[in-house]
Every structure is written in C-alpha cells, then in structure tokens.
Amino acid sequence: MTDKSHRGTIFLEDAEVVDQESWPGDQFILTVRAPRCAAAARPGSFAHVTCDPGLPMRRPLSIMDTVPQAGTVRFLYKIVGDGLRLLAARRPGETLSMLGPIGQPFRPDPARPRCLLIGGGVGIPPMVFLADALRREAAAGWQPLVLMGSELPFPFELAPSKLADERLPTSATHGLALLEDRGVPSRLASLGGFDGCYAGYVTDLARGWLDALTEVERAEVAVFACGPTPMLAATASLAAEFDLPCEVSLEEYMACAVGGCAGCAVAVRTPEGVAMKRVCVDGPVFEADTVFPPAA
C-alpha cells in the first residue's frame, strides 16, 4: 500500500523572489514569498523549486528559516550544476514554481533540552531553522548550541560571540551574528584558516564540548546534524561513542520529491530488517544509527 500520509501537507505555489544575496564561494541566500509553505514548514523540511522556466527538473533546497507573518521562506544554496546557476540569476519580482514544505522534521525530546546542532556547508540551513524554533520555545527550557563547519567562507555575517561557554576551546571565538543576536550560542570550525574559527573538523569541536560536560549534563544532550555524508557519518559515530540520541538530515538527488519515483531511496535499518526508505517523504530526517550503524 502506498503511503499517503504526506498528501494535503505539500503546497504548490508561485513563489515570488523577494531577495537574492550573493556570498563568496558561489553561495546564495534566496528569499521568496510563499505563504502556505511559510506557515507549514518545520525545521528539517525542504522545498522543491523550479530554477528556470526552461528547465523542467526541480531542485531540492533545505529551508533555512521562515517568517509566517510575512509569508517568506529563505534558502541557502551553493551553485552546483546548471540548474542552481540559473536559479542564481533569478531576480526580485520574478516567480518560481515551488512545492513545499516536504519531509519529516527534527523531533527534539524535552527530556534532553541540551540540543547540540551540527551543520556543515549547505547543511547549515536546517540547523539555523531548528535553533530559532527552539529559541522561540523558551518556556520549554531548550538550550541549543550550534556548531558549524565549512571550508568555504561562511555565507553569513560573523561576529565575536558574546555568549560564553567555557567548555569550548578559546580559539573558537566567532559565531553567526543572526543567531548570536537571537541569544543562541554558535561557534565555527574550518580548515580554511578563517579568523575566529576552530582549526579542525566541526565534529572535533563537538567532541571537545561533549568531553567537557559532566555525566549529568551529557544525559541531557541530543544531537542533530545536516551536512555532507562523511560529516554525518562522523557525527553518528560521535553520538554513538557518547551514547547520545542523534538525528541526521540526509541530502540526496531526487526527481519528484513527493514519494512517487523512489529515486532518492536509501537503506535504513528497521525492526523488521533493512528497508529502502525515501529521503523526500520518509526523511529527510532519520535516526542516525538507522542510516549509519555503529561499528561492531
């Protein structure tokens, strides 16, 4: 039987381009007005966007944040291929055909309020979205920490962090201004020699923080990650080492993005054995140990 649980939750909209910011490294932040997607999107969901009228194949883009009151949705993407190059040429006032929001979101557990968010490259947007959602639920006691890694210049305004955490190395001094301004601590890691960044992999930065926690504090931690597959595998291994729950958001090529073609299927461990699951509607968020099994 075909799973139809996602039907009625994905909207087709003519999304108006509001803004297109260019950043070093062929990176762009795109803002569109798509009210139904903005109202329904949750951290971890994505949209399937037509990049150009002459290119029928859509591209999946992770949602970085939304402003439901204004009906806007923002995406961060890096030009890879002709489709995203055409998208980068779209200008304010133009419209894009957009399907969204698509996919299963992150599921934070109130019993583990210390949320460690790890993002790499264009996997950073879902972490920004999740961090801001947790911040908005201040009464729930969430304590997010966002760690991000990139070998390209970060496509955001960076600033020295004013939100101290003595468990982080002193070399990691900078974070994302947009998160810091909202009261969410963040730190950066890179092998690119950028000022204010921890010189190493973002998972090494995370390891140092976890090592510095007390046993009681670690029992309150859950890990969430999005980024390149090697980074996700390393994050899953790190979470398993510290016996922490971990959710990862996968990125896969896809054609339809609504579960029909199964072109984005990946092997996932289930209680009944290994099964092929569709990243678009069964994911993109999965429990890390079902996709990256712990080493025997």
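The values are calculated or read from the model by the stated rules, or taken from the named source; none is laboratory data. On a predicted model such as this, the values are computed, not experimentally measured, just so you know. Counting neighbours? That spans all protein chains shown, and the Cβs are built from the backbone with ideal geometry, glycine included.
So is residue 192 touching a Pro at 6+ places or on another chain (Cβ under 8 Å), free of Cβ contacts under 8 Å to residues at least 40 places away in the same chain and not assigned by TED's automatic domain parsing to the domain that holds residue 21 or not?
On the way: touching a Pro at 6+ places or on another chain (Cβ under 8 Å): yes; free of Cβ contacts under 8 Å to residues at least 40 places away in the same chain: no; not assigned by TED's automatic domain parsing to the domain that holds residue 21: yes.
No.
Right, residue 183: without any contact (Cβ under 8 Å) to a residue 40 or more places away in the chain, at positive phi and not aliphatic (A, V, I, L, M) or not? Step through it out loud before you land on a result.
On the way: without any contact (Cβ under 8 Å) to a residue 40 or more places away in the chain: no; at positive phi: yes; not aliphatic (A, V, I, L, M): yes.
For residue 183, the condition - without any contact (Cβ under 8 Å) to a residue 40 or more places away in the chain, at positive phi and not aliphatic (A, V, I, L, M) - is not met.
Considering only residues that are closer than 17 Å to residue 105 by Cβ and part of a strand (DSSP E or B), which ones fall in the range 269-292?
Just the residues of the range 269-292 that are closer than 17 Å to residue 105 by Cβ, to begin with: 277-288, 290-291.
If the condition is that a residue be closer than 17 Å to residue 105 by Cβ and part of a strand (DSSP E or B), then 277, 278, 284, 285, 286, 287 are the ones that fit.
Just to be sure, is residue 275 more than 30 Å from residue 55 (Cβ to Cβ), surrounded by fewer than 16 Cβ atoms within 10 Å (Cβ to Cβ) and not assigned by TED's automatic domain parsing to the domain that holds residue 187?
Values: more than 30 Å from residue 55 (Cβ to Cβ): yes; surrounded by fewer than 16 Cβ atoms within 10 Å (Cβ to Cβ): yes; not assigned by TED's automatic domain parsing to the domain that holds residue 187: yes.
In short, yes.
Residues in the range 35-89 that are under 20 Å from residue 248 (Cβ atoms) and aliphatic (A, V, I, L, M): how many?
Number satisfying all stated conditions: 6.
Can residue 79 be described as under 30 Å from residue 236 (Cα atoms) and either surrounded by fewer than 17 Cβ atoms within 10 Å (Cβ to Cβ) or assigned by TED's automatic domain parsing to the domain that holds residue 239 (or both)? Spell out the reasoning first.
Numbers: under 30 Å from residue 236 (Cα atoms): yes; either surrounded by fewer than 17 Cβ atoms within 10 Å (Cβ to Cβ) or assigned by TED's automatic domain parsing to the domain that holds residue 239 (or both): yes.
So residue 79 fits the description; yes.
Quick grid of which residues meet (1) outside any loop (DSSP other than H, G, I, E, B); (2) at pLDDT 95 or above; (3) touching a Cys at 6+ places or on another chain (Cβ under 9 Å); (4) hydrophobic (A, V, I, L, M, F, W, C):
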{"site": "36", "(1), (2), (3), (4)": "yes, yes, no, no"}
{"site": "44", "(1), (2), (3), (4)": "no, yes, yes, no"}
{"site": "64", "(1), (2), (3), (4)": "yes, yes, no, yes"}
{"site": "70", "(1), (2), (3), (4)": "no, yes, no, yes"}
{"site": "91", "(1), (2), (3), (4)": "no, yes, no, no"}
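Across the range 246-266, what is the total count of residues that are closer than 30 Å to residue 206 by Cα, of a type outside the set (Ser, Thr, Tyr), surrounded by fewer than 21 Cβ atoms within 10 Å (Cβ to Cβ) and free of Cβ contacts under 8 Å to residues at least 24 places away in the same chain?
1
Can you name every residue in the range 46-62 that is surrounded by fewer than 20 Cβ atoms within 10 Å (Cβ to Cβ) and assigned to a strand (DSSP E or B)? Before the answer, list the steps.
At the first step, the residues of the range 46-62 found to be surrounded by fewer than 20 Cβ atoms within 10 Å (Cβ to Cβ) are 52-57.
Across the range 46-62, the qualifying residues are 52, 55.
Tally the residues that are under 28 Å from residue 180 (Cβ atoms), surrounded by fewer than 19 Cβ atoms within 10 Å (Cβ to Cβ) and touching a Leu at 6+ places or on another chain (Cβ under 7 Å), restricting the search to the range 82-132.
Going through the range 82-132 one residue at a time, the tally reaches 0.
Can you spot a residue in the range 133-153 that is surrounded by 16 or more Cβ atoms within 10 Å (Cβ to Cβ), over 15 Å from the mean Cα position of the chain (by Cα), over 20 Å from residue 239 (Cα atoms) and outside the structural domain of residue 20 (by TED's automatic domain parsing)?
Yes - at least one qualifying residue is present in the range 133-153.
Go through the range 167-208 and give me each residue that's surrounded by fewer than 19 Cβ atoms within 10 Å (Cβ to Cβ) and among the hydrophobic types (A, V, I, L, M, F, W, C).
Answer for the range 167-208, where residues must be surrounded by fewer than 19 Cβ atoms within 10 Å (Cβ to Cβ) and among the hydrophobic types (A, V, I, L, M, F, W, C): 177, 178, 191, 194, 199.
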